[in-house]
Amino acid sequence: MDKQINSRQCNTANNSNTKYISINTDCESLPFTFNYAEIIKDSILIACTKGETEIVIDNITYHMNSESVLLVFPYQQLTVTYKSNDFRCMFLLYSNYFHETIMADLPYFFLIYYQQNLIYKLNKSLIGQLKLYFSILETKIKNNNLYTNQIITHMLHIIYYDLFNFSHPQNSIEYKNNKIAYDFFNLLKKHLHESKSVSFYAEKLCITPKHLNRVVKDNMRNKSAKEWIDFILVIEIKKSLRDKKIRIKEIAESFGFSSQFLFFQYFKKNTSLSPNEYRKSIE
């Protein structure tokens, strides 16, 4: 008999502060329930240390066993469909603020890679390093000094870079197969302040906008080229808004918006916040 799976949205942290992070070695504290399809609002890094589990993320099934790591990003739908009795893990949960900060500072092709590769089979050495990183993060969070947020961000960067360095050689063939998508992201990095049009990037790649959208959507977890342009643009705008020395008018002009009204309209459409509201939310 098929298992019945219920659905709900999961508020993964009780802390109302946008800058929160938690570390846990108790699997029972994972912020989702067996056989429930839940939309996770935060980012989670789960490292399996014993046993096994099966997790479905956006309709793709991932099997975790000892020494494997799974990434869960904000607003993905997740269902735990199997968990062995001896399943043990440690996990890191952090707010969308840290997720956006990390992604804004990583090269664009990392966004491609992490969207396509949510699970990693590590070795004992790297799992040991991960435990060390968790321990350092836990200490820094408890100390909570003036630069705690910066330290947390840098530690998370190290974890992401380590995952990439460990697994990238095994998957380099993917970049050859997805050359158009990869070239598109390189162009996006170079010309984002110049154009937000799919046609602009398609012309640079000597293909039609329809073909570009299809290739990107097929290789990038069902997101079209236009959706990726908006996604990256919002990340870059948020990055600029964090620097309060830059006036909003200057930010709008730097990203090619002909008026502040159009800039406000675009940002609110994609984030549900005005630029001023976003600035206040990260104070």
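Using unit Cβ charges (K, R positive; D, E negative) and no other charged atoms, how large, in debye to the nearest 20, is the dipole of the range 6-171 about its Cα centre?
Details: 11 positive and 13 negative charges, 52 e Å.
With only Lys, Arg, Asp and Glu charged at Cβ, the dipole is about 240 debye.
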| If you line up the long axis of helix 124-143 against the longest principal axis of the chain, both from Cα atoms, how many degrees apart are they, to the nearest 10? | 70
| query | Rounded to the nearest 500, what is the chain's calculated 222 nm mean residue ellipticity when only DSSP H runs of at least 4 contribute -39500 (n - 2.57) each, over all residues? | reply | -15500 deg cm²/dmol
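What is the magnitude of the charge dipole of the chain about its Cα centre, with +1 placed on the Cβ of each Lys and Arg, -1 on the Cβ of each Asp and Glu, and no other charges, expressed in debye to the nearest 20? Each step should come with its number before you reach the end.
Working: 35 positive and 27 negative charges, 132 e Å.
Dipole size: approximately 640 debye.
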| request: Please give the helix 225-241 orientation as an angle from the longest Cα principal axis of the chain, in degrees from 0 to 90, rounded to the nearest 10. | output: 90
| request: Compute the long axis of helix 209-219 from its Cα atoms, compare it with the longest principal axis of the Cα atoms of the chain, and write down the angle in degrees, 0 to 90, nearest 10. | output: 10
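Quick check: residue separation of Phe231 and Leu146 times 0.36 nm, minus the Cα distance between them. What number comes out in nm?
On the way: separation 85, 0.36 × 85 = 30.60 nm, distance 3.06 nm.
Value of the extension gain: 27.5 nm.
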| Along the charge dipole of the chain, Cβ charges K/R +1 and D/E -1, which of His99, Leu130, Leu273 sits furthest on the positive end? | Leu273
| Which residue, chosen from Asn85, Leu146, Phe261, occupies the Cα position most advanced towards the positive end of the dipole of the chain, where the dipole is computed from +1 (Lys, Arg) and -1 (Asp, Glu) charges on Cβ about the Cα centre? | Phe261
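Packing-wise, with mean Cβ within 10 Å as the measure, how do 84-95, 55-66 rank, highest first? Can you show the working numbers first?
Working: 84-95: 17.8, 55-66: 15.5.
In decreasing order of mean packing, 84-95, 55-66 become 84-95, 55-66.
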| note | Taking alpha-carbon centroids only, the range 129-170 lies from the range 243-258 a number of Å equal to 31
| query | For Asp86 and Arg214 in the same chain, what is the full-extension length gain: residue separation times 0.36 nm, less their Cα-Cα distance, in nm? | reply | 41.8 nm
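Could you give the size of the charge dipole of the range 178-281 about its Cα centre, using +1 on the Cβ of each K and R and -1 on the Cβ of each D and E, expressed in debye and rounded to the nearest 20? Please report the intermediate quantities before stating the final value.
On the way: 22 positive and 11 negative charges, 65 e Å.
Dipole of the range 178-281, to the nearest 20 debye: 320 debye.
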| remark: For Lys142, counting only lysines whose alpha-carbon sits under 29 Å away and dropping same-chain residues fewer than eight positions off, the answer is Lys19, Lys41, Lys50, Lys124, Lys131, Lys238, Lys239, Lys244, Lys280
| request: Compute the signed sum of charges (Lys and Arg +1, Asp and Glu -1) over the other residues within less than 15 Å, Cβ to Cβ, of Ser43. | output: -3
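Values quoted throughout were computed directly from the atomic coordinates according to the rules given, and no laboratory measurement underlies them. Being a predicted model, the structure only gives us computed values, none of them experimental. Glycine gets a Cβ as well: all are built from the backbone with ideal geometry, and neighbour counts include every protein chain shown.
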